[in-house]
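What follows is a short report on a single structure.
The values are calculated or read from the model by the stated rules, or taken from the named source; none is laboratory data. It should be emphasised that the depicted structure is a prediction, and the values quoted were computed from it without experimental measurement. So basically every Cβ, Gly included, is an ideal-geometry build from the backbone, and we count neighbours across all protein chains shown. Surface areas here come from the heavy atoms of the whole protein model, side chains and all, with no ligands, DNA or RNA. Shrake-Rupley method; radii C 1.70, N 1.55, O 1.52, S 1.80 Å.
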There are 2 protein chains.
Amino acid sequence: MLTHAAEDYLKSIYKLQEKGGTVSTGILAAYLNVKPASATGMIKKLKTMKLVSHERYRGVTLTDAGRVIALEIIRHHRLLELYLFKALGVPWDGVHEEAEKLEHVISEDMEARMDEFLGYPTADPHGAPIPDKNGVVTQTEHIPMTDLQSGQSCVVSEVSDTDPVLLRHLGSFNLYPGTAFQVKEVAPFEGPFTIDIAGQQVVIGREAAKHIYVNNVQDTETT
Amino acid sequence: MLTHAAEDYLKSIYKLQEKGGTVSTGILAAYLNVKPASATGMIKKLKTMKLVSHERYRGVTLTDAGRVIALEIIRHHRLLELYLFKALGVPWDGVHEEAEKLEHVISEDMEARMDEFLGYPTADPHGAPIPDKNGVVTQTEHIPMTDLQSGQSCVVSEVSDTDPVLLRHLGSFNLYPGTAFQVKEVAPFEGPFTIDIAGQQVVIGREAAKHIYVNNVQDTETT
DNA sequence: TGTATAATTTAGGTATGCCTAAATTAATTT
DNA sequence: AAATTAATTTAGGCATACCTAAATTATACA
């Protein structure tokens, strides 16, 4: 069995790989709130376990074995988030922190039981895909909200799960995955978005918009 | 925050204190599957935190602060056992192991939500009392099954939760807390018990009987 | 009461996973 | 291409929590 720390490293490498390019020691360390030297140490250990590939000064990549474990942990995390949300009524801004601790600790049996209870779901409360038990991820197509133009309408597909303050803020506007809205105005010079959600006019700042993803984008007339 | 290991020590000291007499380093170590020297080390640490009292070669006792933490962990454990049993259908011989890991990790919020979901229960699936959120334990009166005489009938009140094999065995006879049975025969020389559960004749060995507690004992006629 | 036995504690070692500071390697600038 | 700057790695330390082996203290018996 792996340590919790090792699992966190694998999970983080996976997520950083998803976002783009190479995962450097520094980026990984920053992501994990750890010093680069510490990341180097763990990378070495993971390399001897053949869970990552690593060439000095070149960055890390998950091996197939490493990716399997990363996806297993991510599956735990997202199933737990959805379970806590649906079964215990934990608010969506609280599920991440709780799942972060539980993900390392639950058995395969408990994973299977939550999965069944939830009806084999494919997305967590923030819209992130839940890998299936074979590690297959089905990510729905989506674009960052910051790519939207005035007059376009769309449906929220995903919101990043880490910041409770942001999540409470978005929740207060009903901005959950599945919610439709129309862009009324995009203020110039990287300014905020004014959007229409079910008739309500809401202003969403740039920083918040960067954490929101949408799909079903359609060009509509602004009235 | 305490480490998981420290919490386990406090919990174990509490349980051993309950069972009777002084908790020696050796007994504590054996209970935790750890060498006496390791127990000495942890006891020292807990002493500096004022969670236990300890005089060299004299054994340990929980302080008030230590008992509060021990009961908090025991509450987590037993609430989790019952929650896993009722909400996720984990069999009663599996809940202990799972709860053992989760008890150190859940938040007070999750504790409260499970408590509410379960309707503020007072006993776990093995009949052990769940301390309330103020640390008040209401233990029902009960006696070990080994004290029963032929002809007596009673109701199972508690079964120790640690051994899955025993629990599956007892479960196969429906020997859960709340189940009534009558002692048909107690074989001489510390022999097994023959009991009647809902018309079924079942033989329970001494070793198993030591792990079973009963109440509502009544002298009845053997037919 | 002295000595053997048993329990406990001390001393020193291992592994994990973090840290800081120094050394090394790579990349960028002129 | 040399020198500065930035990233990474090595080296050495700290805390937790376990271990074994040796020393100590208490208890029991003869």
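Residues A:HIS142, B:HIS169, sorted by accessible area with the largest first, give B:HIS169, A:HIS142 [1.4 Å probe; ligands and nucleic acids excluded]. Packing, taken as the mean count of other beta carbons within 10 Å per residue, orders the peptides B:88-100, A:68-80, B:129-141 from highest to lowest as A:68-80, B:88-100, B:129-141. Starting from a Cα-only point model with no solvent, please compute log10 I(q)/I(0) by Debye for chain A at q = 0.14, 0.17 1/Å. Each listed q maps to, in turn, -0.94, -1.20. Hydrodynamic radius of the range B:4-62 by the Kirkwood approach over all distinct alpha-carbon pairs: 11.0 Å.
Taking a ≥ b ≥ c as the square roots of the Cα gyration tensor eigenvalues, with a/c under 1.5 meaning rounded and otherwise prolate when a/b beats b/c, else oblate, which class fits the range B:143-219? Cα axes put the range B:143-219 in the rounded bin. Comparing each chain alone with all protein chains together (probe 1.4 Å, DNA, RNA and ligands left out), the residues of the range B:66-97 losing at least 40 Å² of accessible area are B:TYR83, B:LEU88.
Chain A against chain B buries an accessible area of about 1500 Å², both chains summed, 1.4 Å probe radius. Classified by the C-alpha gyration tensor, the range B:67-189 has a prolate form. Its axis ratio a/c, with a ≥ b ≥ c, is 1.5 or above, and a/b is larger than b/c.
Each stretch of four or more DSSP H residues adds -39500 (n - 2.57); spread over every residue of the protein assembly as shown, this sum gives -12500 deg cm²/dmol at 222 nm. Each Cα pair under 8 Å and six or more residues apart adds its separation to the average, and for chain B the resulting relative contact order is 15 percent. Inter-part distance, the range B:57-86 to the range B:165-223, computed on C-alpha centroids, equals 29 Å.
Quick one: of B:LYS45/B:LYS101; B:LYS15/B:LYS184; A:LYS45/B:LYS35, which pairs are farther than 25 Å apart, Cα to Cα? Where the Cα-Cα span goes over 25 Å, the pairs concerned are B:LYS15/B:LYS184; A:LYS45/B:LYS35.
So which trypsin sites (Lys or Arg not before Pro) in the range B:1-59 end up in coil per DSSP with only 10 or fewer other C-beta atoms within 10 Å? Those that pass, being in a loop and sparsely packed, are B:ARG56.
Label-point spacing for B:GLU207 across the identical copies (point 7 Å from Cα in the Cβ direction), in nm and ascending order: 6.4.
Per-residue mean of foreign Cβ neighbours for A:105-113 is 4 (Cβ atoms of other chains, 10 Å radius). Measuring nothing but protein heavy atoms, the accessible surface of the protein assembly as shown at 1.4 Å probe radius is 53 percent carbon and sulfur. With all protein chains kept in place, the per residue accessible area of the protein assembly as shown amounts to 52 square angstrom at a probe of 1.4 angstrom. Output the direction-averaged projected area (hull surface divided by four) of the convex hull of the alpha-carbon atoms of the range A:28-77, in nm². If I average the Cα hull's projected area over directions, I get 3.7 nm².
Derived value for the protein assembly as shown: Kirkwood hydrodynamic radius 25.8 Å. Basis is the mean of 1/r over every pair of different alpha-carbon atoms.
Rounded to the nearest whole Hz, the Karplus-based 3J(HN,Hα) values (6.51 cos²θ - 1.76 cosθ + 1.60, θ = phi - 60°) of the range A:38-47 follow the sequence 5, 4, 3, x, 5, 4, 4, 5, 5, 5, with x at glycine and proline.
Values of log10 I(q)/I(0) for the range B:74-139 across q = 0.26 Å⁻¹ run -1.22, by the Debye formula with one identical scatterer at each alpha carbon and no solvent. Placing a label point 7 Å from Cα along the Cα-to-Cβ axis, B:GLU55 is separated from the same position in the other copies by 6.9 nm, shortest listed first.
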